[in-house]
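The values are calculated or read from the model by the stated rules, or taken from the named source; none is laboratory data. Small disclaimer: the values here were computed from a predicted structure and weren't measured. Glycine gets a Cβ as well: all are built from the backbone with ideal geometry, and neighbour counts include every protein chain shown.
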Ligand SMILES: Cc1cc2nc3c(=O)[nH]c(=O)nc-3n(C[C@H](O)[C@H](O)[C@H](O)COP(=O)(O)OP(=O)(O)OC[C@H]3O[C@@H](n4cnc5c(N)ncnc54)[C@H](O)[C@@H]3O)c2cc1C
Ligand SMILES: NC(=O)c1ccc[n+]([C@@H]2O[C@H](COP(=O)([O-])OP(=O)(O)OC[C@H]3O[C@@H](n4cnc5c(N)ncnc54)[C@H](O)[C@@H]3O)[C@@H](O)[C@H]2O)c1
């Protein structure tokens, strides 16, 4: 057994663990990083990166089919395996940034073994025993596969196995209408599959219903069948011939099955009990500074059971680095965290939704809207399906929801505004280049001031008075 003493031990080399390790080592800490599977974790290998690459292939096929702008659409020849090659090429291009070589180059001691706690500040990984002043658990999450009767005898895909599939599914059944199910539904439809989404409650149920409906309507128009209130209760069949029965008796048949019903935090096999670290089904219990019930152990990213996004794992990394390296108080907040679903049109959110704003700010909650069909760039490019809603309380934005082309990029400005408690006047005062989709942000802010300026008798009186006396 090789005994190692270090300042910081990080368990898991995904979005969160890598960010902590890179930050801490470059600021002078001795860092050991454990990873028993692929460097880069879920996002690079099975999540964000492959999904966005496949979505890009679907987008291209969709654009080719459209007759638009004097250009006649064609029936594209789609090579699903070729699309998967593209997915792999994208992963391979990004992988060096997350690689063992790069991290060793930075000075991190990378050990490719699974870690499990031996006591409150010691972890065993293969034949290494690592004792650390502080430990960060960043073990992520895995596809949650519910115990639906029959499922154990039916071949099914998850976000981990989907990328190995080389033949286009003829009819893809997707159980779960969350971001994974919805993004993969549209990508597969556009690449030529028939697609049925079987959702137990409401598809895109974590998002503003008015905005989600715009995405779902578009997907239905394209041909995705989205069945809501269809809780999958029994699954039978064999490869190529699968049947999903819903609680209300509806029956869905398809050739392939993708299970996308949420994530389970990776807490098993860590022997957390030996370290006195409390956890539940949702993940490791943490306080506002992401410390666990063992004050020397922190948990970040998906395993911490909060919002499950790569940028959240990265944000958590910054929070714990401040605490671990400098001993400074540091708290993780959620109110300024944006997220986006990369459908076409995209849907992005930061801060409060309209309903949440009404609940939290009551009569002080105001909502300002601007339609993409009034944006000149959107008109020029045929991207007029879209809407921005900005929730305002006492002159400051408290939430923004955008559905439309580039919504994931457009939400950034509201994330900045909310994180810094900015005023609407600061957004309205920004000059956006013309013609850009980004002008929707300024116009939504302008909508806040329009009635105050253009429909105010007081303003009219003041202007009239000044004009009388101005030379
Ligand atoms: C299909 C899909 C699409 C997604 N798209 C997006 C998106 O577009 N944008 C976005 O922000 N988020 C997206 N996400 C979510 C994002 O992937 C996760 O939030 C992010 O990867 C979480 O990072 P993490 O560091 O917490 O965990 P992970 O990236 O999962 O990393 C955890 C690492 O820990 C390792 N590990 C686990 N246990 C041990 C152990 N005992 N010892 C050693 N190593 C261990 C694992 O092998 C893994 O490499 C998507 C997820 C999926 C599934
Ligand atoms: N663009 C992005 O940022 C992005 C993309 C994909 C995933 N993610 C992350 O990954 C997480 C997991 O995504 P997800 O889509 O798997 O989970 P999810 O929890 O967001 O959605 C799962 C859906 O499955 C439904 N469901 C559960 N059991 C069911 C059953 N038996 N029958 C029918 N429907 C059932 C739920 O009602 C829910 O709508 C997301 O919450 C998000 O944090 C992010």
Are any of the residues in segment 140-150 within 16 Å of ligand 2 (Cβ to nearest atom), closer than 30 Å to residue 326 by Cβ, at pLDDT 95 or above and in contact with a helix residue (DSSP H, G or I) (Cβ under 7 Å, 6 or more places away or on another chain)? yes
Number of positions in segment 57-86 that are in contact with a helix residue (DSSP H, G or I) (Cβ under 9 Å, 6 or more places away or on another chain) and more than 14 Å from residue 222 (Cβ to Cβ): 13
Among the residues of segment 273-281, is there at least one that is within 16 Å of ligand 2 (Cβ to nearest atom), surrounded by fewer than 17 Cβ atoms within 10 Å (Cβ to Cβ) and modelled with pLDDT under 95? yes
Scan segment 198-226 for residues that are near ligand 2 (Cβ under 9 Å from one of its atoms) and closer than 16 Å to residue 169 by Cβ and report the count. 1
Filter segment 227-248 down to the residues that are in a loop (DSSP other than H, G, I, E, B) and within 14 Å of ligand 2 (Cβ to nearest atom), then identify the one that is nearest to the chain's Cα centre (by Cα). 228
All positions within segment 204-222 that are within 16 Å of ligand 1 (Cβ to nearest atom) and surrounded by 22 or more Cβ atoms within 10 Å (Cβ to Cβ): 204, 207, 215
Can you name the number of the only condition in (1) within 12 Å of ligand 1 (Cβ to nearest atom); (2) in contact with a strand residue (DSSP E or B) (Cβ under 7 Å, 6 or more places away or on another chain); (3) not assigned by TED's automatic domain parsing to the domain that holds residue 13 that residue 161 fails? (2)
Out of curiosity, is residue 137 within 28 Å of the chain's Cα centre (by Cα), within 11 Å of ligand 1 (Cβ to nearest atom) and at negative phi? yes
Considering every residue within segment 62-80, establish whether at least one is within 16 Å of ligand 1 (Cβ to nearest atom) and not assigned by TED's automatic domain parsing to the domain that holds residue 160. no
Could you say which residue among 316, 361, 311 is away from ligand 2 (no atom under 16 Å from the Cβ) and either buried (at least 18 other Cβ atoms within 10 Å of the Cβ) or assigned to a helix (DSSP H, G or I) (or both)? 361
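Condition test on residue 17, is it away from ligand 2 (no atom under 16 Å from the Cβ), within 20 Å of the chain's Cα centre (by Cα), in contact (Cβ under 8 Å) with a residue 40 or more places away in the chain and part of a helix (DSSP H, G or I)? Don't jump to the end; show me each part of the working.
Details: away from ligand 2 (no atom under 16 Å from the Cβ): yes; within 20 Å of the chain's Cα centre (by Cα): yes; in contact (Cβ under 8 Å) with a residue 40 or more places away in the chain: yes; part of a helix (DSSP H, G or I): yes.
Answer is yes for this residue.
Among the residues in segment 35-57, are any more than 14 Å from ligand 1 (Cβ to nearest atom) and in a helix (DSSP H, G or I)?
yes
From the list 177, 150, which one is surrounded by 15 or more Cβ atoms within 10 Å (Cβ to Cβ) and on the phi > 0 side of the Ramachandran plot? So that I can check it myself, show each step before the final result.
Working: 177 fails: on the phi > 0 side of the Ramachandran plot.
It is 150.
Residue by residue, here is whether (1) within 14 Å of ligand 2 (Cβ to nearest atom); (2) within 30 Å of residue 59 (Cβ to Cβ); (3) crowded, with 19+ Cβ neighbours inside 10 Å holds:
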{"position": "304", "(1), (2), (3)": "yes, no, yes"}
{"position": "320", "(1), (2), (3)": "no, no, yes"}
{"position": "336", "(1), (2), (3)": "no, yes, no"}
{"position": "343", "(1), (2), (3)": "yes, yes, yes"}
{"position": "367", "(1), (2), (3)": "no, no, no"}
On the basis of being within 30 Å of residue 31 (Cβ to Cβ) and crowded, with 17+ Cβ neighbours inside 10 Å, does residue 112 make the cut? no
When residue 100 is evaluated against the numbered criteria (1) touching a residue at least 40 places away in the same chain (Cβ under 8 Å); (2) more than 26 Å from the chain's Cα centre (by Cα), which criterion, by number, is the only one it fails? (2)
Only one of (1) closer than 23 Å to residue 140 by Cα; (2) buried (at least 17 other Cβ atoms within 10 Å of the Cβ) is not met by residue 57, so which one is it? (1)
Which residue is surrounded by the most Cβ atoms within 10 Å (Cβ to Cβ), if the candidates are limited to segment 282-302 and must be over 19 Å from residue 18 (Cα atoms) and within 13 Å of ligand 2 (Cβ to nearest atom)? 283
